[in-house]
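Q: Quick one: this structure, given as structure tokens, is what I'll be asking you about.
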Amino acid sequence: MSVFEAPGDAPYARRPVPPGSGDRSSDGTRLAMPRSSPPNTFPGDGEMSRLIRDHDWSSTPLGPLATWPQSLTVAVRIMLDSRYAMWLGWGPSLTFLYNEAYARATLGAKHPWVLGRPFREVWGEIWSDLSPRIERVVTTGEATWDEGLLLFLERRGYPEETYHTFSYSPLPDDAGGIGGMLCVVTEDTDRTIGERRLKTLRELAARTTESMISAEAACRAAARTLAANPNDLPFALLYLIDADGRTARLAGTAGLEAGSPAAPTAVGLVEPSGADVWHLRTVADTRELQVVSDAAPRLGAGPVGIYPEPPHTAVVLPVHKSGQHALAGFFVAGISPRRPLDDGYRGFLDLLVGQVATAVASARAYEEERSRAEALAELDRAKTAFFSNVSHEFRTPLTLMLGPVEDLLTAPSGDVGPAARGVLAVVHRNGLRLQKLVNTLLDFSRIEAGRMRASFEATDLAGLTADLASNFRSACERAGLEFVVDCPPLGEPAFVDRDMWEKLVLNLVSNAFKFTLRGRIEVRLRRAGDGAALTVRDTGTGIPADQMPHLFERFYRIEGAVGRTQEGSGIGLALVRELARQHGGEVRAESALGTGSTFTVTIPLGSAHLPPDRTARGTASHPTTRAAAFVEEALRWLPASGAGARGRP
């Protein structure tokens, strides 16, 4: 016979004792006989002290207070004086007594009805969970310990999800047997559920951040995260409002099938609609949370959530656009049928909606930025195509124009008079200038369009670089500048596209000459680890620090720059960067205003980094082809009379 059977099965708990050691029954066990307790046993003004004093204990197995055993009286007084939540059960039916802390923390609506009742009546809904533990205590005298145990308590009129950490300890009776048991308990419900909700919020932030390609993708990622917490969210729906504000479309769902009556894929917001099962139109009008208290009939007959009973309540929250009163969409959340919709639950939903709103806003900002980038890229492609087409259109008439002009300039002096020859010289110089610009634009447009196919050949880079730079020596001497070319052999050939390298070197030296009015220009080539480094240093006017980040942008020109001329398209340094990249290298610049600038181009040696089909063996030695145009332009920048800074036309 169990020691915790229903009332009336046995008057007291029994425990075997040695023969002859006191009052015994016929089966050799001692009866734990009650002893009298003094009157006014439980003084004090506390609610539970008063309730215990006033309770009709004569109608319970414990009998009147005056007959209670001293061990029970002491245990009850200790329990009542403690601020820690406790209860005790005494006798075979574990007649239930508890303190105020337990009444406040755990009992809910069961208080004070449960006072003096058998424990099995008090917590009948969890008897199957607790009976093995009680059996162990009263039969073996060993205490139990449970941490964060899930128990579904019916203290609010429904099975409630709760978590408890508690210990069951045996209570001795006056005869040395086990008269009952004491429970010391802490309810961990708020902490356990709070940690679970915090985990959901963390995962929601992480997953939606990873899914910023579109607002719809962010909602789908959010729904997948919410589906992992069915305890708090039996179902969840995310709707986004169309740009015209007339329709809300389902963007994410958890716990319900999209397109089902409870999860319509589209809901009209202008006219009443039968699809508006969650009052989205009302939320759109009021911009306020709506509680749907009759959610179960709207969900249909199928199972929803992890519990046998469906959610009875749903909450519909507006999802605002970032920093605006306008709406981006709606969040519909099913409320657990086993948790109250309290302030903590509402706060959790508010945080969820805040994260969803942030994710949607970030995704839409990303979409807008991507659209702008695509539009700019399209404009850039159109501009590149335009420059390419215009350059081609310019090149043919320029060639046809320069040919006859050059013929006239080289004709005998008797055929062309001095005045006409001067005019033709001006036409020729400016024609060459325009041709150089057209060629530069064509080069750049080809690189951007991916149509410039480099051909890399093993090259004596030091010799080629020195030859190219030396073309500017006469111009530097005429300008009164010291010109240093220091390009010792590298020890091995470098694989370069000779035509590209020529443009790179000539643009850098030409740029240095334009902005160096006094001092010196240095062109040096050195081996740098596994690569080669070309350095062009000048003592020119320098570049303001705030304009350095834009230096290699196309068509960027430094405002207010002091140089030999204000001419220029702003494309030379951008072309240098692209040409360096074509070789697997890079260019960087250092400058101080009023002191000068240093440009360094580094490229890898060898051919391992280059496409095999674009490399050729054998050392190339080609004469320069464009240096004359660059030098002619540089000489034109020099004042004819030793003064002025704008140069000749």
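The values are calculated or read from the model by the stated rules, or taken from the named source; none is laboratory data. Only a predicted model underlies this, so the values are computations on that prediction, with no experimental measurement involved. Glycine gets a Cβ as well: all are built from the backbone with ideal geometry, and neighbour counts include every protein chain shown.
Q: What pairs come out if I take residues in the range 241-260 that are part of a strand (DSSP E or B) and pair them with residues that are of a type in the set (K, R) whose C-beta lies under 6 Å away, six or more apart or interchain?
A: Listed pairs, sorted by first residue: G252/R220.
Q: Condition first: more than 17 Å from R429 (Cα to Cα), at pLDDT below 75 and of a type outside the set (V, I, T). Now tell me which residues in the range 388-414 satisfy that.
A: Within the range 388-414, S388, N389, S391, H392, E393, S413, G414 qualify.
Q: Filtering the range 302-341 down to residues that are in a strand (DSSP E or B) and over 24 Å from the mean Cα position of the chain (by Cα), which residue is farthest from V360 (Cα to Cα)? Walk me through how you get there before you give the answer.
A: Kept after step one, since they are in a strand (DSSP E or B), are these residues of the range 302-341: 313-320, 327-335.
Next, only the ones that are over 24 Å from the mean Cα position of the chain (by Cα) stay: 313-316, 334-335.
Working: T313: 26, A314: 22, V315: 20, V316: 17, G334: 21, I335: 23 Å.
Within the range 302-341, the match that is farthest from V360 (Cα to Cα) is T313.
Q: Taking only pairs six or more apart or across chains, which ones have beta-carbon atoms under 6 Å, a first residue in the range 198-214 that is farther than 15 Å from D350 by Cα and assigned by TED's automatic domain parsing to the domain that holds G344, and a second residue that is among the β-branched types (V, I, T) and surrounded by 19 or more Cβ atoms within 10 Å (Cβ to Cβ)?
A: What qualifies is E203/T225; R207/T225.
Q: What residue, of E553, E477, is without any contact (Cβ under 8 Å) to a residue 24 or more places away in the chain and touching a Phe, Trp or Tyr at 6+ places or on another chain (Cβ under 8 Å)? Spell out the reasoning first.
A: Values: E553 fails: touching a Phe, Trp or Tyr at 6+ places or on another chain (Cβ under 8 Å).
Being without any contact (Cβ under 8 Å) to a residue 24 or more places away in the chain and touching a Phe, Trp or Tyr at 6+ places or on another chain (Cβ under 8 Å) holds for just one of E553, E477, which is E477.
Q: Kindly indicate which of G91, G108, G116 is touching a Ser or Thr at 6+ places or on another chain (Cβ under 6 Å) and not basic (K, R). Quick ask: steps written out before the conclusion?
A: On the way: G91 fails: touching a Ser or Thr at 6+ places or on another chain (Cβ under 6 Å); G108 fails: touching a Ser or Thr at 6+ places or on another chain (Cβ under 6 Å).
Every option except G116 fails the conditions.
Q: Which of the following residues is out of contact with any Pro (no Cβ under 6 Å at 6 or more places or on another chain), outside the structural domain of T600 (by TED's automatic domain parsing) and acidic (D, E): D486, D467, D407, D497?
A: Working: D486 fails: outside the structural domain of T600 (by TED's automatic domain parsing); D467 fails: outside the structural domain of T600 (by TED's automatic domain parsing); D497 fails: outside the structural domain of T600 (by TED's automatic domain parsing).
Selected residue: D407, the only one of D486, D467, D407, D497 that is out of contact with any Pro (no Cβ under 6 Å at 6 or more places or on another chain), outside the structural domain of T600 (by TED's automatic domain parsing) and acidic (D, E).
Q: Still on this structure: Could you list, in sequence order, all residues of the range 104-124 that are in a helix (DSSP H, G or I) and either in contact (Cβ under 8 Å) with a residue 40 or more places away in the chain or more than 16 Å from L94 (Cβ to Cβ) (or both)?
A: Residues of the range 104-124 that are in a helix (DSSP H, G or I), as a first pass: 104-110, 119-122, 124.
Matches in the range 104-124: R104, A105, T106, L107, G108, A109, K110, F119, R120.
Q: Which of the residues belonging to the range 477-521 are assigned to a helix (DSSP H, G or I), surrounded by fewer than 20 Cβ atoms within 10 Å (Cβ to Cβ) and more than 51 Å from the chain's Cα centre (by Cα)?
A: Matches in the range 477-521: E477, R478.
Q: When you look at F152, is it touching a Cys at 6+ places or on another chain (Cβ under 6 Å) and farther than 18 Å from S93 by Cα, yes or no? Talk me through it step by step, then tell me what you get.
A: Numbers: touching a Cys at 6+ places or on another chain (Cβ under 6 Å): no; farther than 18 Å from S93 by Cα: yes.
Taking the combined requirement at face value, the residue does not satisfy it.
Q: Further question: Could you look through the range 342-361, keep only residues that are crowded, with 16+ Cβ neighbours inside 10 Å and closer than 20 Å to Y163 by Cα, and pick out the one that is nearest to the chain's Cα centre (by Cα)?
A: This residue is F348.
Q: Of everything in the range 50-95, what is surrounded by 14 or more Cβ atoms within 10 Å (Cβ to Cβ), closer than 22 Å to T106 by Cβ and aromatic (F, W, Y)? Give them in sequence order.
A: W87, W90
Q: From T516, T440, which residue is modelled with pLDDT of 90 or more and closer than 29 Å to R564 by Cβ? Walk me through it before giving the result.
A: On the way: T440 fails: modelled with pLDDT of 90 or more.
After ruling out the rest, the residue left standing is T516.
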